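Note sheet for the following structure.
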Amino acid sequence: MKKLFLALTMLPMLVQGQTLEECQQAAEKNYPLIQQYGLIGKTTELTVSNIQKGWLPQVSASAQTTYQSDVVSWPSEMKTMMNGMGINMKGLKKDQYRVGIDVQQTIYDGGVIGSQKRIAREQGKVQTAQNEVNIYHVRKRVNEMYFGLLLIDEQIKLNSDLRALLASNESKLKSMTEQGTAAESDLQNVRAERLNAVQKATELASQKQMLLRMLSTFCGIEINNIQKPQAKADGENLTTENHRPELKALDAQIGVLNAQEKALNAALMPKVGVFAQGFYGYPGLNMFEDMMRHKWSLNGIIGARVTWNIGALYTRKNDKAKLQLQRDMTENSREVFLFNNNMEQIQQNENIERYRKLMVQDGEIISLRRAVRKAAESKLTHGIIDANDLVREINQEHAACVQHSVHEIEMLKEIYDNKYTIGEK
């Protein structure tokens, strides 16, 4: 259903071909990791909900039976006196039983539950940010396939021009051969070269079809054609603000550390709660009554409790030092990432400038090669050179055109790789 929706929304674009941005968006929506966004959000909310339940009354039930080696008993003098008065003082039994329920309600926890919820939410942000990093890498893979397709498209166009040029010269040579002004071998030479170009066209078409299928599968939509980007090499991008998702992931990790540091403060605060205990068994709370009558009874206790665990002070200094070390390590990871990222930008900008200069030179070379090829066609018509010389000049002109296309596509790829490097959408 998701793929059908993507295909319908992008149907008008199929006629003129998908742009690189459209392919990237489709690939990100189609990539299986996109489903983790919802799963991470649901998991985080469930975790927070469980933590919030710490404010609910905590109820526990228990049952126990014991046999004691000794029990509380009356002094022998008092027992003798009571017996003389006709009162039977049995004393407690050594076998004792209890079935009870304990209820505890937290009133003030010093901020422990709140800090746990903050940590859970910050950890959810870390998982979301890391998932965004993984999905962002999809753009790089789309770039590779997309510009590979562009390069093949350019080669197919140039191959078509080469075949047309060879076919034109083949037609001229056929006429010259029939008139006896050219050798049959010259005609066969040009024809063989044209068939080589036809064979190359078949190979290029097969490569294009393979890449189209791969890109279509990766994006989850049918792609039959693509558009050539119109980006230009218009200067350095080193001062451009970096929006890479890896930096957001590092910020999220810092957020977790900050939340954990606040949790250390909460651990030092006193806790206030109320409790209730009820049990049915023997002996009960009325010890004297139970010493006289061995019967089970209902008993209950309610009260309030204040606890203050100062043990957290023992490790607080080390815990804060550990968090600071983790914060320093995270910041160091940021510096390393930005350093390597800047190095990539320098290399990419240098490559863009290099390709731009090479393209200017390519234009001059193509003009010269075209002029030489036209002169060779004229010389062949007048019988000054043979077909081998003409084919060589045609191939050299074609090679110059291919080189120009390669440099142009490589420059475009470097421009978009640079956008990927700085996180530009």
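The values are calculated or read from the model by the stated rules, or taken from the named source; none is laboratory data. Worth saying up front: this structure is predicted, and the values here are computed from it rather than measured. Here the Cβ positions follow ideal geometry from the backbone for every residue, glycine too, while neighbour counts run over all protein chains shown. Areas reflect the complete protein model, heavy atoms only, side chains present, ligands, DNA and RNA absent. Shrake-Rupley method; radii C 1.70, N 1.55, O 1.52, S 1.80 Å.
Find the residue count for the range 377-400, including only residues that are open to solvent by 40 Å² or more (accessible area, probe 1.4 Å) and touching a residue at least 60 places away in the same chain (Cβ under 8 Å). Reasoning before the result, please.
Of the residues in the range 377-400, the ones open to solvent by 40 Å² or more (accessible area, probe 1.4 Å) are 378-379, 381-384, 386, 388-389, 392, 395-396, 398-399.
Checking which are touching a residue at least 60 places away in the same chain (Cβ under 8 Å) leaves us with 381, 383, 386, 388, 395, 398.
Residues meeting the conditions: 6.
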TODO: Taking the residues in the range 47-77 that are surrounded by 11 or more Cβ atoms within 10 Å (Cβ to Cβ) and of a type in the set (A, V, I, L, M, F, W, C) as candidates, determine which candidate is modelled with the lowest pLDDT.
DONE: W74
TODO: Please identify the pairs in which a residue from the range 281-302 that is over 12 Å from Y97 (Cβ atoms) has its Cβ atom under 7 Å from the Cβ atom of a residue that is in a loop (DSSP other than H, G, I, E, B) and open to solvent by 70 Å² or more (accessible area, probe 1.4 Å), counting only partners at least 6 apart or on another chain.
DONE: M287/V72; M291/K90; M292/K90; N299/L285
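In the range 253-276, which residues are part of a strand (DSSP E or B) and surrounded by 15 or more Cβ atoms within 10 Å (Cβ to Cβ)? Can you show your working first?
Initially, the range 253-276 is screened for residues part of a strand (DSSP E or B), giving 271-276.
Hits for the range 253-276 are K271, V272, G273, F275, A276.
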Open item on the list: I need every pair where a residue in the range 130-147 that is farther than 22 Å from R213 by Cα has its Cβ under 7 Å from the Cβ of a residue that is open to solvent by less than 10 Å² (accessible area, probe 1.4 Å), sequence separation at least 6 or different chains.
Closed with: Q130/A249; E132/P245; V133/P245; V133/A249
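Out of all the residues in the range 342-375, which are within 18 Å of E241 (Cα to Cα) and touching a Leu at 6+ places or on another chain (Cβ under 9 Å)?
Our first condition is that a residue be within 18 Å of E241 (Cα to Cα); within the range 342-375, this holds for 342-349.
Answer for the range 342-375, where residues must be within 18 Å of E241 (Cα to Cα) and touching a Leu at 6+ places or on another chain (Cβ under 9 Å): N342, Q345, I346, N349.
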- [ ] Tell me, yes or no, whether the range 397-410 has at least one residue that is more than 25 Å from I226 (Cβ to Cβ) and not aliphatic (A, V, I, L, M).
- [x] yes
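Give the residues of the range 406-425 that are in a helix (DSSP H, G or I), closer than 12 Å to N242 by Cβ and not aromatic (F, W, Y), sorted by residue number. Even if it seems obvious, please write down each step before you answer.
Step one: filter the range 406-425 for residues in a helix (DSSP H, G or I), giving 406-422.
With closer than 12 Å to N242 by Cβ added as a condition, the list becomes 418-422.
Answer for the range 406-425, where residues must be in a helix (DSSP H, G or I), closer than 12 Å to N242 by Cβ and not aromatic (F, W, Y): N418, K419, T421, I422.
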Open item on the list: I'd like to know if the range 339-349 contains one or more residues that are assigned to a helix (DSSP H, G or I), farther than 25 Å from K419 by Cα and in contact (Cβ under 8 Å) with a residue 40 or more places away in the chain.
Closed with: no
Open item on the list: Can you tell me which residue is nearest to Y108 (Cα to Cα) among those in the range 305-328 that are open to solvent by 80 Å² or more (accessible area, probe 1.4 Å) and among the aliphatic types (A, V, I, L, M)?
Closed with: V306
TODO: Kindly indicate whether K357 is part of a helix (DSSP H, G or I) and surrounded by fewer than 13 Cβ atoms within 10 Å (Cβ to Cβ).
DONE: yes
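Quick one: which residue in A192, A164, A197, A182 is of a type outside the set (S, T, N, Q), part of a loop (DSSP other than H, G, I, E, B) and over 30 Å from G255 (Cβ atoms)?
Working: A192 fails: part of a loop (DSSP other than H, G, I, E, B); A164 fails: part of a loop (DSSP other than H, G, I, E, B); A197 fails: part of a loop (DSSP other than H, G, I, E, B).
Going through A192, A164, A197, A182 in turn, the sole match is A182.
Can we say E289 is under 15 Å from S115 (Cα atoms) and either loosely packed, with under 14 Cβ neighbours inside 10 Å or modelled with pLDDT of 90 or more (or both)? I'd like the intermediate steps shown before the answer.
Values: under 15 Å from S115 (Cα atoms): no; either loosely packed, with under 14 Cβ neighbours inside 10 Å or modelled with pLDDT of 90 or more (or both): yes.
No; evaluated as a whole, the condition is false for this residue.
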Open item on the list: Can you tell me which condition T240 does not meet? The list is (1) under 30 Å from I119 (Cβ atoms); (2) at pLDDT below 95; (3) of a type in the set (S, T, N, Q), and all the others hold.
Closed with: (1)
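Just checking, does the range 48-59 include any residue being of a type outside the set (S, T, Y), under 21 Å from G281 (Cβ atoms), within 47 Å of the chain's Cα centre (by Cα) and assigned to a strand (DSSP E or B)? Full working, then the answer.
In the first step, residues of the range 48-59 are kept if they are of a type outside the set (S, T, Y); the result is 48, 50-59.
Next, from what is left, pick out any that are under 21 Å from G281 (Cβ atoms): 59.
Subsequent filtering for residues that are within 47 Å of the chain's Cα centre (by Cα) retains 59.
Those left that are additionally assigned to a strand (DSSP E or B): 59.
Yes, the conditions are met somewhere in the range 48-59.
Suppose we filter R118, R213, R141 for residues that are crowded, with 18+ Cβ neighbours inside 10 Å and within 50 Å of the chain's Cα centre (by Cα); which single one remains?
Details: R213 fails: crowded, with 18+ Cβ neighbours inside 10 Å; R141 fails: crowded, with 18+ Cβ neighbours inside 10 Å.
Only one candidate passes the filter, namely R118.
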Open item on the list: Of the conditions (1) surrounded by 14 or more Cβ atoms within 10 Å (Cβ to Cβ); (2) of a type in the set (D, E, K, R); (3) within 30 Å of D417 (Cα to Cα), E331 satisfies every one except a single condition; which number is it?
Closed with: (1)
TODO: For the range 16-32, indicate whether the set of residues that are over 30 Å from V99 (Cβ atoms), at pLDDT below 85 and not β-branched (V, I, T) is non-empty.
DONE: yes
